[in-house]
Each structure stands twice: as structure tokens, then as C-alpha cells.
1. Among 101-111, 19-29, how do they line up by average Cβ neighbours within 10 Å per residue, starting with the highest?
2. Let me test this: with uniform point scatterers at the alpha carbons of region 65-138, what is the Debye-based log₁₀ I(q)/I(0) at q = 0.14, 0.22, 0.26 1/Å?
């Protein structure tokens with residue numbers, strides 16, 4: 001848009017609009033990158049699961065409650081501010097009780113390392129029952145030869 005000024009000069013008015021097309025392109029590229037990398041960034045404890053032919057866990061829109069037992073017999077709970085920090089039995093029970101007060105689904109899944117002593121997994125299951133958990137599931141992975 002031009003504005004005529006006295007003296008015969010034409011002065012152009014500056015445009016104050018931002019071209020957002022390049023920003024949209026960058027945003028879409030970042031969205032694709034985050035969508036691809038998000039599944040790779042799952043936090044957790046390294047647990048070598050035993051292999052078994054079983055069906056997948058069906059969640060109802062909420063993150064499943066998972067207690068992990070690593071090879072050294074340490075306990076971990078996936079809900080909280082530090083899911084990769086080990087918990088003793090009392091802290092584990094208190095945290096599970098607190099979460100169950102706010103959830104309708106009281107199913108907790110146990111991920112026990114295949115090299116951990118069977119007694120450690122049974123101890124976790126007993127702690128879960130004492131905490132008021134109604135259903136306990138065991139997490140396994142499919143054998144390598146099953147597709």
C-alpha cells in the first residue's frame with residue numbers, strides 16, 4: 001500500500017505480517033520426529049522377561065500398573081516421579097495403596113527378570129495382595145520363534 005506525501009514522494013507502508021508457512025513445515029517435521037522417537041524413549045528398568053506364548057495386555061486408556069523385579073531382586077514401580085529408582089517393600093506397598101485409591105482398575109502386572117529367584121516374584125505378589133490389589137498379572141514376552 002502506498003501513501004502519497006507532500007513533495008511528490010510516495011512512501012510505502014511496511015507490512016507487519018509474518019510468513020508462517022516455513023514454521024508450519026518445521027513443526028510438521030518435528031512432529032514426525034517425535035512420533036517416531038517417542039516409543040524408543042520408554043523409561044524403565046532393564047528386565048529380561050521370560051518367554052511364553054501368551055496374549056497381549058489390554059489397557060483401558062490408563063497406563064498399566066507395573067511392578068518390576070530386576071535380576072538382583074530390587075523392586076520398581078512404573079508410576080511416580082522416579083520409576084527407575086528401586087523401592088523397598090514398605091515404600092512399594094505405600095505407593096501402590098496411594099495409586100489404587102485413585103484408580104478403578106486394580107490390576108497390577110509383575111515383570112520379573114527370568115534370572116531372578118522365584119521367591120522374589122512370589123514376595124512381590126504377596127505384597128500386592130496385602131496392598132489391596134485384586135488382580136495380579138505376569139508379564140512375559142513372546143518366544144523368538146513365534147511371530
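Any read-out appearing in this document is the output of simple, stated calculations on the displayed coordinates, not a laboratory observation. All values derive from a computational prediction rather than experimental measurement. Heads up, the Cβs are rebuilt from the backbone with ideal geometry, glycines too, and the neighbour counts pull from every protein chain shown.
1. Numbers: 101-111: 15.0, 19-29: 9.2.
The peptides rank, most packed first, as 101-111, 19-29.
2. Ignoring solvent entirely, the Cα scatterers give -0.36, -0.93, -1.31.
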